1. So for the chain: antiparallel DSSP bridges make up what percent, rounded to the nearest 5?
2. Let me know the whole percent of all Cα-Cα pairs from the stretch 98-150 that are separated by more than 12 Å.
3. Per the Kirkwood definition applied to all pairs of different Cα atoms, how many angstroms is the hydrodynamic radius of the stretch 30-121?
4. Any idea what diffusion coefficient the stretch 267-411 gets from Stokes-Einstein, in µm²/s, Kirkwood Rh on alpha carbon pairs, 25 °C, 0.890 mPa s?
5. To the nearest 20 debye, what is the magnitude of the charge dipole of the stretch 1-137 about its Cα centre, counting +1 on the Cβ of each Lys and Arg and -1 on the Cβ of each Asp and Glu?
6. Which percent of Cα pairs goes in each bin when the distances of the stretch 1-157 are cut into 10 angstrom slices starting at zero?
7. Specify, per residue and in Å³, the volume enclosed by the convex hull of the alpha carbon atoms belonging to the stretch 272-330.
8. Calculate the radius of gyration of the Cα atoms of the stretch 157-265 to one decimal place, then report Dmax, the largest Cα-Cα distance, as a whole number, both in Å.
Amino acid sequence: MPTAYRSALLYSLEDPAKVGRAASYRYLEDGLLLVEDGLIHACGPADELLASLPPGTLVQHWPEGLIVPGFIDTHIHYPQTGMIGAAGEQLLDWLTRYTYPAEQRFADYAYAERVARLFIAELLRNGTTTAQVFASVHPESVEAFFTVAAELNLRMLCGKVLMDRNAPPELCDSADSGYAQSRALIERWHGHGRLGYAVTPRFAGSCSSEQLRRAAQLLEEFPSVRLHTHLAENRAEIAWIESLFPDCDSYLDIYARHGLLGPRSLFAHAIHLDEHDCQRLGQCGAAVAFCPTSNLFLGSGLFDLARAERLQLKVGIGSDIGAGTSFSLLHTLGEAYKVEQLQGRSLDPFKALYLATLGGARALGMEGQVGSLAPGHEADFVVLDVQATPLLRFRLEECQDLAERLAVLLTLGDDRVVQETFVAGVSRHRREG
Ligand code: GUN
Ligand code: ZN
């Protein structure tokens, strides 16, 4: 049975940096989304579409709502849900003091499943319907995550972390066991429903040369599997990692020489790169995740979005929980705005929308599937209640146009404005009240 959803509708058509703001989005003040079998069948003005709906179509109407595509979080760690806000350190000491102890608990399937349920519920509460997710080194952690994601028919990417050195022995695999466990997980889960696998070497600092080579072997053997890792996040990290691979020209060159740099790769952070490496990322079609709350919380640095645009990198937004401080991509984009301000620029609100939707889909190789409300896409969407708080209601009254309203929503919005989250046409979260 088809279902129709009536509300204001907004989605990105293209990167505003490429086509300018006006051509970058579609907005329908009174729009209708027609959904059947989990897919969007039609999207247009309500007055045109209502007349031709198949008989018996149920119409849900939010006169004050705003429907946008489900948000896409291109970089997040689910085992770090219980350690958000672990303060006092920068990256390498933060990993040792907080992260590695927290991740050791994910050897236990029951614990991992409990956290996976809470984590996914939190994503949905925040309007995030797709994420690329680090699990822990334990295959059980991936098993738990995919089991819960499959129950809800979510489009998700996840992978077992590969780390065979420079970490506590309880968290280390080996080049061989990491390869074999990843392979078994790929065979079991990749392409199962809407799930996909990302080969996940933690970062070059925790992987031997042999382990990086075996990761590349998996990419060769499974041509639709993706690569997910970290790159050039923190200055001390970079100096240390470059010292581990003296034959490589740079941090990025380590991944390149081991066969891990390509159009299926996404690198989180990519802050401290020279022009040559940034160019190299653009030329090979790799993607990066801009993780503003994490970069601010750990004091890692400021991501250069303008350069990424100039060199045509694919860019998505990442919460990077637990170094990141919010599951809300609205809040995360509000922080991205401030990171841009610190570099003398301001983030266009339509670019922000693009980063969290279509840009994220492109960064994860999911264009045409998610990140848009155009017909043919999977019906992952969010109903926002833009008047969720007294302050928002008051502030939005003052706005002159859609751009201003969107900018305010990114500054003041968070999980409170997410009224309902739909996954493949099924409601998976409804805000109480
Ligand atoms: N680099 C290697 N591992 C991690 C991690 O867990 N979080 C962040 N932010 N950076 C990393
Ligand atoms: Zn991370």
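Quick note: the coordinates plus some simple rules give every number you see, no bench work behind them. Predicted, not measured: the structure shown is a model, and the values here were computed from it. Note that we place each Cβ from the backbone using ideal geometry, even for glycine, and neighbour counts take in every protein chain shown.
1. Details: 29 of 62 bridges.
Once the DSSP bridges in the chain are tallied, antiparallel ones form about 45 percent.
2. Values: 870 of 1378 pairs.
That fraction is 63 percent.
3. 17.6
4. Values: Rh = 16.1 Å.
Diffusion coefficient, whole number: 152 µm²/s.
5. Values: 9 positive and 16 negative charges, 53 e Å.
Value, rounded to 20: 260 debye.
6. Distribution as computed: 10, 27, 26, 20, 14, 3, 0 percent.
7. Working: hull volume 4.6 nm³, N = 59.
Hull volume normalised by residue count: 78 Å³.
8. Final numbers for Rg and Dmax: 13.5, 43 Å.
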